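Laboratory data are not the source of any read-out in this text; all were calculated from the coordinates shown. On a predicted model such as this, the values are computed, not experimentally measured, just so you know. So basically every Cβ, Gly included, is an ideal-geometry build from the backbone, and we count neighbours across all protein chains shown.
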Amino acid sequence: MDSIRIIGGKRLSGNIKVSGAKNAALPILCATLLSDGESLLRNVPKLRDIETTSALLRFLGRNVDVAAPEVKVHAGAQVRPEAPYELVKQMRASVMVLGPLVARFGKAKVSLPGGCQIGSRPVDQHLMGLEKLGATITLERGYVIATAPRLRGCEIVFDMPTVTGTENLMMAAALAKGRTTLVNSAKEPEVEELGRVLNKMGARVTGAGTDVIEIEGRDELAPFDHAIIADRIEAGTYMVAAAATGGDVLLENAPLEDLGSTVAALKKMGVEISREGNAVRIRRPGALQPIDLSTEPHPGFPTDMQAQMMVLSCIAEGTSTILENIFENRFMHVPELVRMGADIHTEGNHATVKGPAKLQGANVMATDLRASASLVIAGLVAEGETNVLRVYHLDRGYEHMEEKLSAVGANAVRVQDQHG
Ligand code: EPU
């Protein structure tokens, strides 16, 4: 597997272009199952998770033409409404084909995703909602089998806001008979974006981006042409990288309006952030101040930015605290950061970070996407050479991260594994 070799100590300066949002593109790719004809997605990031979803759609019988940043999905002659374990285990978001398949074809057989590195991540809310919509759900040998003659609109109250759960049920409800109300929905910008696409397809969705979403289902939906919003987590990650190196970076296409709590936290730490037309400038003129962070559903501080912000708190002048409330096991970067010289103590979901630490380069490895990004940022500020191994994880969610960073002055290169 490839790794990224970084020689730390370079200040980042220059322009970085933010790509399309992974977590918006994934449900929208699944939404193509809701119609016949050809849908066109623009501003799609070039990522491993997009390839995995494309492979899944092909398995289901769609023709998928990926020419980044565009993806065309065309309905094939036949559909095989089955998502196999081999594909779902590579990417949990694959479970989002369940709602569209059962709504459109009356049946679906989708492998249960199982736990993952950051937590157990059950899908009970997805299944509860589909049952309420009228699907019969059975579990057989690791697969969910859902059948329904025609889904019927109803009210669904989530036990907790779930992003992909909300998206799965929005898509199912778009082809249900009548009106569905989703209460305690996730409010993430990616949910709002899916609402826009379903409206383009002919459904009537209101309230996406708030905690109550209403969906007026249709008998048929039409294909769509849509440009995906910019990736707020990619943008936030580069904001942290710029701040960590004391840099001055202009982020093109950064969705500042979706980054409220991240920007507020960075400003509190002493980072300067200002809008310049369609771009956002990030500067860190002086020392970093410590911070107390607590991850929450949107619009609270995002769990997907927690690992990156922890690196910043390692080099801040004082003691920071970080509380991870969304996933039970999302501190896997901590032991690796400690190996690099960070002073971090964790107790359950609470981390205390004492700064400023003088980070030193090391060989490090992470087993999830955002943890890997945090190790790259640590490498940018560490003294000497850092090798971030298993870049596989990073490639799931960041388009050419080492290229974007070296274009603004980082000494970062991809090292290809000789053994494949
Ligand atoms: N949950 C349940 N039951 C369910 C669904 C969720 O108990 O049926 C729990 C989860 O275990 C978790 C909480 O609810 O404790 C919230 O999880 P959520 O369902 O919102 O997460 P997700 O939809 O699986 C999406 C993103 C994640 C991001 C989370 C939280 C996509 C494809 N994935 O996951 O992104 O961390 O929301 O914002 O949209 C990433 O990009 O690195 C990533 C992990």
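General remarks:
- Only Lys, Arg, Asp and Glu carry charge here, each on its Cβ (+1 for the first two, -1 for the last two); on that basis the chain has a dipole of about 400 debye about its Cα centre.
- Label-to-label distance, E252 versus D124, with points set 7 angstrom from Cα along the beta-carbon direction: 4.7 nm.
- The lysines within cross-link reach of K268, meaning a Cα-to-Cα straight distance under 22 Å and a gap of 8 or more places when in the same chain, are K354, K358.
- Rounded to 5, percent antiparallel among DSSP beta bridges of the chain: 70 percent
- Dipole of the chain [Lys/Arg +1, Asp/Glu -1 at C-beta], most positive-end residue of N15, G99, A279: G99
- Distribution of pairwise C-alpha distances over segment 22-227, 10 Å bins, in %: 10, 40, 40, 10
- Radius ratio Rg over Rh of segment 308-375, counting only Cα atoms, Kirkwood formula for Rh: 0.93
- Alpha carbon centroid spacing (whole Å) that separates segment 323-342 from segment 15-42: 31 Å
- Between R275 and V413, the contour length at 0.36 nm per residue exceeds the alpha carbon distance by 46.7 nm.
- Net charge over other residues, Cβ less than 10 angstrom from the Cβ of L60 (K, R count +1; D, E count -1): +2
- Local net charge near P27, Cβ-Cβ under 9 Å (Lys/Arg +1, Asp/Glu -1): -3
- Going from the residue with the fewest nearby Cβ atoms within 10 Å to the one with the most, L312, L182 rank L182, L312.
- Electrostatic dipole magnitude of segment 330-388 [Cβ: Lys, Arg +1; Asp, Glu -1; Cα centre; debye, to 20]: 100 debye
- For the chain, the percent of C-alpha pairs falling in each 20 Å distance bin, counted from 0 to the bin holding the largest distance, reads 28, 55, 17, 0.
- Per-residue [θ]222 nm for the chain (sum of -39500 (n - 2.57) over DSSP H runs n ≥ 4, rounded to 500): -9000 deg cm²/dmol
- Cβ-defined net charge surrounding A316, 14 Å radius [Lys, Arg +1; Asp, Glu -1]: +2
- Most to least packed among 206-215, 229-238 [average Cβ atoms within 10 Å]: 229-238, 206-215
- Ranking of K107, K358 by count of other Cβ atoms within 10 Å, fewest first: K358, K107
- Distance between segment 179-205 and segment 65-82 - C-alpha centres, whole angstrom: 22 Å
- FRET efficiency estimate (nearest 0.05) - Cβ-Cβ, Q78 to K268, R0 45 angstrom: 0.25
- Of S3, S406, S374, S94, the sequence from fewest to most neighbouring Cβ atoms within 10 angstrom is S406, S3, S94, S374.
- Dipole magnitude of segment 22-227 about its Cα centre (Cβ charges: Lys, Arg +1; Asp, Glu -1), debye to nearest 20: 380 debye
- Kirkwood analysis of the Cα pair distances in segment 230-357 returns a hydrodynamic radius of 14.6 Å.
- The listed peptides 70-82, 53-65, ordered by packing as a protection proxy, come out as 53-65, 70-82 (highest mean of other Cβ atoms within 10 Å first).
- Spin-label model, K177 to T147: label points 7 Å out along the Cα-to-beta-carbon direction sit 1.8 nm apart.
- Dipole of the chain, positive direction: furthest Cα of S406, V163, F59, with charges on the beta-carbon: F59
- Where labels lie 7 Å past Cα in the beta-carbon direction, separation of E214 and D343 in nm: 5.6 nm
- Centre separation in Å (Cα based) which lies between segment 104-145 and segment 240-254: 40 Å
- Based on C-alpha pairs under 8 angstrom that are at least 6 apart in sequence, the chain has a relative contact order of 22 percent.
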